[in-house]
Amino acid sequence: MNVAIVKYNAGNIYSVVNALRRMGIEPLLTDDAEQLQKADRVMFPGQGHAAEAMEYLKARRLDEVIRDLKQPVFGICVGQQLLCKHSEEGDVDCIGIFNADVKRFQPKKHEDKVPCMGWNKLSLPQSPLMEGLGDNPYVYFVHSYYVPVCEHTIATADYILPYSASMHKDNFYTCQFHPEKSGKVGERIIKNFLEL
């Protein structure tokens, strides 16, 4: 299977490369439109600043390329946020697959630390991406911004408030958490994505 990972100015991409290698897949890390369009699956991971990431993507017209992809696409962490309509991080318009705005966590009490960092459990409805995970599996999060629960939400997590831990629309799937750092649960989610 030909798996492409969108190469842009975001951190943490290599942990996804390594997770795929552990599963016997050698992914292609690229910002070339043609290679992304030809891939069987496209992964769009990353950690970083939304406005800076969008600037990089727009300069190379990758925002348009990603928007027009027809094969399954998997946005992870900032990748999920960039697939939304707008982000408060740098007050920037994003790719716009999901009709949702990305918000910054607002602490309500002293214990509420931002960024949200660590293991948290998922509340799961039925979704092929979340197949076979058991009840309330735990996954690993690191983020200061979140997507509110919306019509595209397929899994939620709760930190300060319930929010979209995972979303799906057409051929686009996302996770706010890091499946590549979430042990066996995360490995199963990546496997589910590859088998969609």
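The values are calculated or read from the model by the stated rules, or taken from the named source; none is laboratory data. Model, not experiment: these values are computed from the prediction. No Cβ is skipped: glycine too gets one built from the backbone with ideal geometry, and neighbour counts run over all protein chains shown. Note: areas computed on protein heavy atoms with side chains; ligands, DNA, RNA excluded. Shrake-Rupley method; radii C 1.70, N 1.55, O 1.52, S 1.80 Å.
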Meets criteria (open to solvent by 10 Å² or more (accessible area, probe 1.4 Å) and touching a Gly at 6+ places or on another chain (Cβ under 8 Å)) for E187: no
Which listed residue, of Y173, Y146, is open to solvent by less than 30 Å² (accessible area, probe 1.4 Å) and under 14 Å from M43 (Cα atoms): Y173
Tally, over the stretch 1-46, of residues that are over 19 Å from K70 (Cα atoms), assigned to a loop (DSSP other than H, G, I, E, B) and over 18 Å from the mean Cα position of the chain (by Cα): 4
Hits in the stretch 149-170 - residues which are of a type outside the set (A, V, I, L, M) and surrounded by fewer than 24 Cβ atoms within 10 Å (Cβ to Cβ): C150, E151, H152, T153, T156, D158, Y159, P162, Y163, H168, K169, D170
Answer residue from the stretch 177-196, given it is basic (K, R) and touching a residue at least 12 places away in the same chain (Cβ under 8 Å) and is farthest from P137 (Cα to Cα) among those: K191
Cβ pairs under 8 Å, 6+ apart, first in the stretch 16-29 and over 14 Å from V6 (Cβ atoms), second loosely packed, with under 15 Cβ neighbours inside 10 Å and not hydrophobic (A, V, I, L, M, F, W, C): M23/K191
Single match in V102, V42 (criterion: in contact (Cβ under 8 Å) with a residue 24 or more places away in the chain, within 24 Å of R188 (Cα to Cα), open to solvent by less than 10 Å² (accessible area, probe 1.4 Å) and in contact with a helix residue (DSSP H, G or I) (Cβ under 7 Å, 6 or more places away or on another chain)): V42
Test: residue in the stretch 66-77 that is touching a residue at least 24 places away in the same chain (Cβ under 8 Å), open to solvent by less than 70 Å² (accessible area, probe 1.4 Å) and over 17 Å from the mean Cα position of the chain (by Cα): no
Those residues of the stretch 173-192 which are in contact with a Pro (Cβ under 8 Å, 6 or more places away or on another chain) and part of a strand (DSSP E or B), in sequence order: Y173
Qualifying residues in the stretch 125-143 (those that are part of a loop (DSSP other than H, G, I, E, B) and under 17 Å from H178 (Cβ atoms)) - the one most open to solvent (accessible area, probe 1.4 Å): L133
